[in-house]
Structures are given as C-alpha cells and as structure tokens.
Amino acid sequence: MTTVDDRTAAAPRRKGPARGARRSRLTDEHGRRVAPWELVVRYLLLVAVLALTVGPFVWQLSTSLKGPTEDIFSTPPKFLPSHPTLHNYSRVSGTIPVWNYAFNSLKVAVANVVTNCLGAALAGYAIARLRYRGRRLLTLVFIVAMLVPVEGIVIAQFQTMRSLGLNNTLLGVVLPGCVGAMNILLMRNAFLHLPQEVDEAAIVDGANAWQRFTRIALPSVKGTLAVVAIFAFMGSWDDFLWPLIVLSDSSKFTLTIGLNYLHGTFADDQRLVAAGTIIAVVPLIVLFACLQRFFFRGVGEGAVKG
Amino acid sequence: MSSPTARPATAAGPVAGAGAGREAGARPASGRRFGSRPPGGRSAAPRARRHLPSTPWLFAAPGLVIVCAFVLYPFVSTLVDSFTDRRALVAGHWVGLANFTEMLHDDAFWIGLRNSALYMVVVVPALVVLPLLLALLVHKKIPGIGFFRSAFYTPVVASIVVVGLIWVWMLDDRGLINSVLEAVGIGKVGFLSDQWLLLLSAMFVTVWKGLGYYMIIYLSALANVPRELHEAASVDGAGAFRRFLTVTVPAVRSTMVLVGALSSVAAFKVFSEVYVMAGPKGGPAGEDTTLVMLVERTGTGLTGRVGYASAISVVVFVITLGLMLLVLRADRKEDA
C-alpha cells in the first residue's frame, strides 16, 4: 500500500521537465486530460492484472526451459531458468507422438474452417437473401439447433457416429461441428445488412443466385467470414469433450487429448507437461497476435446476436 | 426507354459467361437501375426468374444436413433414449420414467447436481462483476492500452486443457503459489488435494479464463455509454464509486444480464476444467464430479448406459433452458 502511495506521489515529480508536453498529449478519447496520479494508478493496476493473466503462461514457459539438474521446486521460486534448454521439448516428442497429435489437430481445425466458411455462408445466404416458402421454418431450425447444448447430446452423437462407423476417426471428430448453426446465423446477419438494391440490379442484369452469391454477396462479408474462420479454428483446436469421447485409439489423438494423456501418465514430470502445453498454446497465441481485431469483433458479434 | 431492349441482351448473353462480359454489360445497366426499375423492371423480371424453386434448398443443404444429422437428430434421440434402458451395444426397451426415479436415489447424480449448481453460484457473480471492472480499467485509451487488452485476452485463446494444466502446476503442492505462500510464512495449502479447495480452484480457473472474453463484451457496451451522463454526475458531486453505481451499471445492465445468462449456462455445463484438474473420476472418490462428467462417464465405453446418461442429459437441458428463461424474464421485469 505504501509503495503505491509513494509512486503516485513521486511520478509527476520525476517527470518534471516533460510535464508540459505530457499534459497536452495524455488525453482520453473525449479530449479530456488524464490526471497524472490517475494514470499511475491505472498503469499499476494494469501491470498487476497483466501479471495475473500472462504470468502463469510465462511461468509454464520458464518451467519448460529448465534443465533436469535445475530445481523447479525452489523456495523462493526462480523465474528465469539459469541454463535454458530445449531438452524437455525433445523429451516430450520421445514420450508421446506430440507432432502427430499437433498434425491431427491441425487437420481437424483446417477442415473445420473450410466446411464452416462454405456451409455457413451458403446456408446463411439462403435464409437471408433468397425468397421461397419455408424460409422462416429453415431459420427456426437453425435457431433451435444453436440453442441445443452440445454437452447434453454427446452420448447420442457418439451413438450416431458408431452407427455410421465413424467413431475413432478424425472425420468423426470433424463432422458434428463442421457447419455450426451459430455460424450460419452470423452469416445470415451479415448478408441481411447488404442493401437490397444491389441484388435487384444484379437480377435485372440476369445474374443467377449463384453468381449473386459468389460475386456480390460473398466479397461484401469478408469480415464476418474471417470471424467465422478464426472461431472455427480456435474452437476445434481447443475442443476437448467431443474428441475425448469419439477417439479411443491413441494414434489418432488430437493435441488436447494427447496432453491430458501426458498429464495423466507423467503427472510428476512437470517440465515435460510444461513443454507439451507450450507446444499446444503457441500456435494459437501467434494466430491471435496476428489477427486480433477479428477475435475482438467476433466476440462482440457473437454476444449480441447469439 | 432503351432499357427494355437492353435487358434481354444482358440477361441472355454475357452474364453466364466470363466476368469481363458481365462488367461490360453492367455499364449501360447502371443508368437504368434507378430510372425505369419500379414500374417496368420488377414486372419484367418475374419472381420465378430470381432463382429456381430448388436453389435455396441446394444452398442450405450442407448446413441443414449436418445440423439435422448431428445436432437435431441426437437431440431427439437423447429425449427418446431417456425413457429406455438402452446400452452402448444393446438396443433398449421402453422403461417409462424408471431412469428418472433411479436418479432420485443415485448419490452420484445428487453430487453432480450439487457441484454443477455450486459452480454456477460461485462463478457467475464473479464473471458478471470482475470483467466489468476490468473493462473499465482498459476502457480509457491511454498509451499501450491495446497491448494490455490483448494480453488480458490471452487466456481465452488457450485451450481449456492447457489452462487447466498450467494451473495444476501453479497450484501444485510444490508449485509456484505454495512456494510463495511458504516463503511468506503462511505454509502450504492443499489446493488440489482437498475436495472443496479443488472445486474452488477449478472455479477460479474458469473465471480466470473467462475474464478477457466478457471484458470485450463489456468494452463494446461501455463505448455506448454517453459521456454526458458521467459529466453531469460529477458536476453534481458524485464520486467515482457513486458514478459507477448510478451511471455505468444502469447503462450496461442489459449487457450484465446477457453475461449472466451466457456464463450461467456455461458454468452449469462445466466439464473440462474439473476433468483435467480433478482427473476423470472427479477426485479420488468422485466428490468433485459435475453433471456433464457424470453423463460422459455413464454413457461411454462398451457397457455405457446410454439410456440413463440420456436421462441425466435431459436434466441438463431442462435446467440450462430454465436458467436462460429465468434470466431473460428477470431482465424484462426490471424493464417494465
């Protein structure tokens, strides 16, 4: 507590010479000046939350880089590995086929992205832009499907997969979520916002439904399509319950199932588990870092319209 | 004017072919778009020409097939199976309400229901309030705020298994938290060995992972709060806390209801966090099993009791649906 007070008091004094410049620069989005003490408190809080949200990832990374001779249980804890090594990463691939699992996850995720983008765009277009008897019924079907909780139907889904002979296959992992009702409704909303006049003009020009879809509608909803793609990728890469139920053969595991297996079998080897989790999480953090504006858009849209 | 003659030409020829041809045909059409369309255009291009009757169904077919085969059919079959004694490899017989009466005497069911309900009671208030505070913290656009927003979102991106394993190591008897607690003289806490602390730790992980997600939802709601309200309130002498209660909270109330609905449904269906942290059995004697874990354990495997698992699933449906209706109704009442 005292340190916080000290710093709030000290900060403006320390920045003495630059004070005038700061004052004019640091304004909020309404052009009002932010008081220096408020700024310091804000940054202190931000750093504290940062430590809480990102700290555990950093600790895991640090653990994964500590060699076999280094004490990972030391009190007080050591945050930086004294001799960073990739030894644990090669060990984890010797223990479980982690790269195969990652490849399986990648296959499932890419398939999910492709099928969701195509299927959701097509169906969304059908319920947003085409006129026919049964359109409202069709929309209702997708809304009902969106409200069905996946956790409640996994057993029946598994029975369905078994009767199709697709249990314990990657195709079986992909199929149930390969065209999400939620994504269809997201695409529908995007298509509904396009002006009707453009469609009318294209009809006058003789464009058929497919041409209007591919040349006019689809290029106008790229943003929503990107959101669908990203959330399909993330949802499938991170999925746990369904692959856990449908996959039984350890050679077909996805990364999340493989990690859970690694933890269950080698729970005491913290360095090994840490290396495995880092392998699983790095691709998504990279994806997120590159495409974050779509992530944030997707959350907003999904929340308002879901 | 010229449009009646131009239309058949563009409609018949170039459109069906290459894109270049269509663009050439589109140019004379642009003048006509607003000119003669209302009287002549619509009647001359009859409804039937928009698309064939089967076209919409072809468009919707992939989505419709998947949704019907893997969502709606399993949903209906879950409802039906809940009244049978179906097993994984054995067809079932109609048993009426036997599964549901069995549930009443099944300790595992009551433990699961208790844990799922507890989960909701603890997690939902935290996920309604904390992300709002976090959103207020990152709302003001000070330098570097974009970095903090993204960083706070990182746990959302990571898979629940990764997050669970990270915290298993953090909360381990010899992990980071316990060595800090020991260093400051509090001593070790058995976060992962005591059944209640274990459940509480899983709840903490759920909240930790959800913070960033709901923060973004609140952030877009905060953007719509009129600045004038805050200014008027501070002119009237209201402090920051007072303004939070009298200006911010009423303005984002509908978002709070939405977050409450989303998080309560998600919390009641909790599976992965507890499965990863407490193990497949939900603790040594299964004291930390949740309802969905019970469904998974009962219904899978070669001897899985599909009928009974379906009956438990039906309870999950009814409660989640009831929760949603309850929250939405509470919202409407407050509006009136």
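The values are calculated or read from the model by the stated rules, or taken from the named source; none is laboratory data. On a predicted model such as this, the values are computed, not experimentally measured, just so you know. Don't worry about glycine lacking a Cβ; one is built from the backbone with ideal geometry, like all the others, and counts go over all protein chains shown. These area figures cover heavy atoms from the full protein model, side chains too; ligands, DNA and RNA do not enter into them. Shrake-Rupley method; radii C 1.70, N 1.55, O 1.52, S 1.80 Å.
Results, tabulated for the structure shown:
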| item | result |
| --- | --- |
| Extreme residue, nearest to A:GLU38 (Cα to Cα), among residues of the stretch B:129-144 that are at pLDDT 90 or above and at the interface with chain A (Cβ under 8 Å from one of its Cβ atoms) | B:LEU137 |
| Failed criterion for A:LEU218 (all others in (1) under 25 Å from A:VAL113 (Cβ atoms); (2) facing chain B (nearest Cβ under 9 Å) hold) | (2) |
| Residues of the stretch B:70-89 that turn out to be open to solvent by 20 Å² or more (accessible area, probe 1.4 Å) and more than 18 Å from A:GLY165 (Cβ to Cβ), as a count | 10 |
| Long-range neighbours under 7 Å by Cβ, at least six apart or interchain, first residue under 11 Å from A:THR63 (Cα atoms) and in contact (Cβ under 8 Å) with a residue 60 or more places away in the chain within the stretch A:266-287, second basic (Lys, Arg) and outside any helix (DSSP H, G or I) | A:ARG271/A:LYS66 |
| Residues of the stretch B:162-178 that turn out to be free of Cβ contacts under 8 Å to residues at least 40 places away in the same chain, among the hydrophobic types (A, V, I, L, M, F, W, C) and out of contact with any Ser or Thr (no Cβ under 8 Å at 6 or more places or on another chain), as a count | 3 |
| Those helices (runs of 4 or more DSSP H) lying entirely in the stretch A:214-302 with at least 2 residues within 16 Å of the chain's Cα centre (by Cα) | A:222-238, A:255-265, A:270-290 |
| Residue count for the stretch B:275-319, restricted to those that are more than 8 Å from chain A (Cβ to nearest Cβ) and acidic (Asp, Glu) | 2 |
| In the stretch A:260-294, residue least open to solvent (accessible area, probe 1.4 Å) [restricted to those that are more than 7 Å from chain B (Cβ to nearest Cβ), at pLDDT below 90 and under 30 Å from B:ALA221 (Cβ atoms)] | A:PHE294 |
| Residue in the stretch B:246-256 that is hydroxyl-bearing (Ser, Thr, Tyr), within 12 Å of chain A (Cβ to nearest Cβ), out of contact with any Cys (no Cβ under 9 Å at 6 or more places or on another chain) and closer than 21 Å to B:VAL327 by Cβ present | yes |
| Members of the stretch B:90-127 that are of a type outside the set (A, V, I, L, M, F, W, C) and surrounded by 20 or more Cβ atoms within 10 Å (Cβ to Cβ) | B:ASN99, B:GLY112, B:ASN115, B:SER116, B:TYR119 |
| Residue identified as under 21 Å from A:LEU118 (Cβ atoms), open to solvent by 10 Å² or more (accessible area, probe 1.4 Å) and among the small types (Gly, Ala, Ser) among A:GLY165, A:GLY172, A:GLY177 | A:GLY177 |
| Options A:ALA51, A:ALA102; residue that is at pLDDT 90 or above, more than 30 Å from B:VAL184 (Cα to Cα) and within 14 Å of chain B (Cβ to nearest Cβ) | A:ALA102 |
| Residues satisfying the stated conditions in the stretch B:263-275, i.e. buried (at least 22 other Cβ atoms within 10 Å of the Cβ) and not acidic (Asp, Glu) | B:SER263, B:SER264, B:ALA267, B:PHE268, B:LYS269, B:VAL270, B:SER272, B:VAL274, B:TYR275 |
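Rundown of residues vs (1) within 22 Å of A:GLY152 (Cα to Cα); (2) touching a residue at least 12 places away in the same chain (Cβ under 8 Å), yes/no style:
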| site | (1), (2) |
| --- | --- |
| B:PHE204 | no, yes |
| B:MET215 | no, yes |
| B:LEU219 | no, yes |
| B:ASP236 | no, no |
| B:GLY239 | no, no |
| B:PHE244 | no, yes |
| B:ALA261 | yes, yes |
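The rows are residues; the columns are (1) touching a residue at least 40 places away in the same chain (Cβ under 8 Å); (2) open to solvent by 10 Å² or more (accessible area, probe 1.4 Å); (3) in contact with an Asp or Glu (Cβ under 7 Å, 6 or more places away or on another chain).
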{"residue": "B:LEU134", "(1), (2), (3)": "yes, yes, no"}
{"residue": "B:ILE160", "(1), (2), (3)": "yes, yes, yes"}
{"residue": "B:VAL180", "(1), (2), (3)": "no, yes, no"}
{"residue": "B:PHE191", "(1), (2), (3)": "no, yes, no"}
